[in-house]
Amino acid sequence: ARVGLDVALDLTFDLMFPFIPKHFTDEMKGIAEATGVDYKMIRRIHMIGELTQGHCSMFGAWGNATVGGHVLQLRALDWDITG
């Protein structure tokens, strides 16, 4: 039997696929093509939050809020540690 994290992430993607907008899968394919990383690996990385039911915090700053006016973006995967 196939077991392990890769299988769990692939099953998560397969179950969610009917509900994933095409532009999202197109973006993952573009990331794979641009980076040379296997598309399945990109899909799996994106499914970690769904499989684990993690949540994300986002932060962004630009213009006068940063040195040189550059864009600064942060995404943090927030884990529930309360059990």
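Descriptive notes on the structure:
- Residue among Gly69, Gly36, Gly49 with the largest mean-square fluctuation in a Gaussian network model of the chain, springs linking Cα atoms under 10 Å: Gly69
- Alpha-carbon gyration tensor eigenvalues x 5, square-rooted, for the chain, Å: 29, 19, 12
- C-alpha long axis of helix 39-52 to longest principal axis of the chain, angle in °: 90
- Candidates Leu51, Leu11, Leu72, ranked by Gaussian network fluctuation over the chain, Cα under 10 Å, top entry: Leu72
- Nearest-ten-degree value, helix 22-35 long axis tilted from longest Cα axis of the chain: 80
- Accessible surface ranking that places the most exposed of Glu33, Glu27, Glu50 first, with a 1.4 angstrom probe: Glu33, Glu27, Glu50
- Subtracting the Cα-Cα distance of Ile45 and Asp78 from 0.36 nm times their residue separation leaves 10.4 nm of extension gain.
- Solvent exposure ordering (accessible area, 1.4 Å, most first) of Leu77, Leu15: Leu15, Leu77
The values are calculated or read from the model by the stated rules, or taken from the named source; none is laboratory data. Computed from a predicted model, the values in this text were never measured in an experiment. Calculation scope for accessible area: heavy atoms of the full protein, side chains included, ligands and nucleic acids excluded. Shrake-Rupley method; radii C 1.70, N 1.55, O 1.52, S 1.80 Å.
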